[in-house]
Amino acid sequence: MVQVKDLTELSLRDLWEEVKDEDDWWGEVKQQTLRGVKRLLEGAMEGELMEELHAGRYRRTETRRGYRNGYRERSLLTELGMLEHLRVPRDREGRYQTEVLPRYQRRQEGVNRMVRQMFLTGVSTRKVTEVLEPLLGASMSAQTVSRITRSLDAEVRRYQSRPLEDKYLYLLLDGIVLKVKAATGVVKRLVLCAYGITPTGRREMISFRQANSESESQWEAFLRDLYDRGLEGGPLALVSTDGCSGLHQALATVYPYVPRQRCWAHKMRNVAAKLPRKIQAACLAEAKTIYQARTRREAIIRFRQWAAGWRQAAANAVKCIEDDLEELLPFLDCPQQHWKKVRTTNAIERSFREVRRRTRPMSCFQNPASVDRFI
């Protein structure tokens with residue numbers, strides 16, 4: 001038994017050593033697969049044409065509906081590689097149109113999906129061509145990649161115009177700044193975003209729109225669009241924001257009766273910016289106890305204690321919280337298990353971090369439309 005096992009191992013090893021170059025071996029497997037796929041496609045098209053003509057090759061029948069007229073050749077880029085010189089049969093009357101190969105299609109839809117996915121992970125159009133060429137064995141111009149990614153435009157339009165369910169318990173609003181090429185050079189575009197949390201805890205990016213600024217008019221137009229599409233705010237218990245004055249003025253117009261919560265994460269960053277470095281850590285540690293209170297009354301008491309201790313050394317920092325204290329505490333009126341989620345806009349900030357991570361390889365977007373596709 002031992003001798004048989006040794007012979008088997010030697011045989012397998014010897015067989016593998018016959019493969020002189022692993023890359024050549026896999027390349028040959030790929031070519032064989034492509035040839036097999038080509039034969040299958042051509043056979044399927046021959047079958048289609050025979051069904052269309054009601055007659056096989058060289059057969060005369062009373063039910064014949066036409067005659068063959070040779071072939072035309074076309075190529076198809078697939079996920080396996082380039083299928084070249086595919087023989088597509090023709091009929092004399094030109095009625096036959098193959099369903100095996102969609103008309104005018106030069107790439108398999110799987111290749112288009114691959115290109116779109118690479119774009120969405122932050123790979124530039126030029127880099128996409130460099131990556132795909134060794135994989136598919138065919139080059140693809142940057143212009144072709146751009147045309148493929150433009151197919152996302154229809155999805156963007158559907159997303160931004162779809163009806164909205166009035167189902168959200170919490171609404172988080174914030175914006176992210178991205179760089180875009182313009183006629184005068186690179187400019188900054190703001191993307192306004194709405195993020196919702198349902199009563200079941202499901203979190204969704206509800207909508208986004210590009211804007212020139214965070215002004216009241218821009219935010220009001222964005223919120224009015226949400227309202228007109230169905231998000232009337234009936235179940236809304238709280239709206240969390242970063243404290244932008246234009247946004248708060250717009251909320252007072254569109255959702256005037258929904259309580260507003262200023263983001264504690266943004267507020268603490270603002271407080272830190274007003275503190276000398278030597279007292280920053282101690283002051284912020286005590287300020288955090290305010291939002292860790294169990295009740296509104298306790299939070300107010302903790303604020304007063306904190307303010308009394310730091311007003312002399314950090315008057316600007318104390319005033320920063322004091323001016324907005326009333327809008328920093330509404331989260332305490334929500335169920336306690338929701339406090340951590342709604343006292344900040346961190347949920348939407350996490351989405352922004354993912355966007356920044358994927359856009360880091362890009363210097364900037366080519367145009368505003370490419371921003372919409374990416375977001």
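The values are calculated or read from the model by the stated rules, or taken from the named source; none is laboratory data. All values derive from a computational prediction rather than experimental measurement. FYI the Cβ positions are ideal-geometry reconstructions off the backbone, even for glycines, and counts take in every protein chain you see. Protein only, heavy atoms only, side chains kept; ligands, DNA and RNA dropped before computing areas. Shrake-Rupley method; radii C 1.70, N 1.55, O 1.52, S 1.80 Å.
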Can you tell me which residue is farthest from ALA314 (Cα to Cα) among those in segment 237-279 that are open to solvent by 10 Å² or more (accessible area, probe 1.4 Å) and in contact with a strand residue (DSSP E or B) (Cβ under 6 Å, 6 or more places away or on another chain)? VAL258
If you take the residues of segment 325-375 that are in contact (Cβ under 8 Å) with a residue 24 or more places away in the chain and among the acidic types (Asp, Glu), which of them is nearest to GLU155 (Cα to Cα)? ASP372
Scan segment 280-309 for residues that are more than 38 Å from the chain's Cα centre (by Cα), open to solvent by 70 Å² or more (accessible area, probe 1.4 Å) and more than 19 Å from CYS334 (Cβ to Cβ) and jot them down. GLU286, ILE301, ARG304, GLN305, ALA308
Which residue is modelled with the lowest pLDDT, if the candidates are limited to segment 145-175 and must be over 14 Å from SER370 (Cα atoms), touching a Lys or Arg at 6+ places or on another chain (Cβ under 8 Å) and open to solvent by less than 50 Å² (accessible area, probe 1.4 Å)? GLN160
Going through ARG356, ARG373 one at a time, which residue ends up being open to solvent by less than 40 Å² (accessible area, probe 1.4 Å), more than 25 Å from LYS274 (Cα to Cα) and under 33 Å from the mean Cα position of the chain (by Cα)? ARG373
If the Cβ limit is 8 Å and pairs must be 6+ apart or interchain, which residue in segment 149-165 that is touching a residue at least 24 places away in the same chain (Cβ under 8 Å) pairs with which residue that is of a type in the set (A, V, I, L, M) and not in a loop (DSSP other than H, G, I, E, B)? THR149/VAL115; ARG150/ALA369; ASP153/ALA369; LEU164/ILE206; LEU164/LEU226
Residues satisfying the stated conditions in segment 338-370, i.e. under 20 Å from CYS244 (Cβ atoms), hydrophobic (A, V, I, L, M, F, W, C) and in contact with a Leu (Cβ under 7 Å, 6 or more places away or on another chain): VAL342, ALA347, ILE348
Could you pull out the residue among GLU214, GLU204, GLU232 that is touching a Cys at 6+ places or on another chain (Cβ under 6 Å) and open to solvent by 20 Å² or more (accessible area, probe 1.4 Å)? GLU214
Could you look through segment 310-343, keep only residues that are surrounded by 19 or more Cβ atoms within 10 Å (Cβ to Cβ) and of a type in the set (Gly, Ala, Ser), and pick out the one that is nearest to THR289 (Cα to Cα)? ALA317
Selected residue (criterion: farthest from LEU178 (Cα to Cα)) from residues of segment 190-201 that are open to solvent by 10 Å² or more (accessible area, probe 1.4 Å) and touching a strand residue (DSSP E or B) at 6+ places or on another chain (Cβ under 6 Å): ILE197
Would you check if there is a residue in segment 107-118 being under 30 Å from TYR71 (Cα atoms), open to solvent by 90 Å² or more (accessible area, probe 1.4 Å) and modelled with pLDDT under 70? no
Does segment 217-229 hold any residues that are open to solvent by 20 Å² or more (accessible area, probe 1.4 Å) and either touching a strand residue (DSSP E or B) at 6+ places or on another chain (Cβ under 6 Å) or of a type in the set (Val, Ile, Thr) (or both), and which are they? GLN218
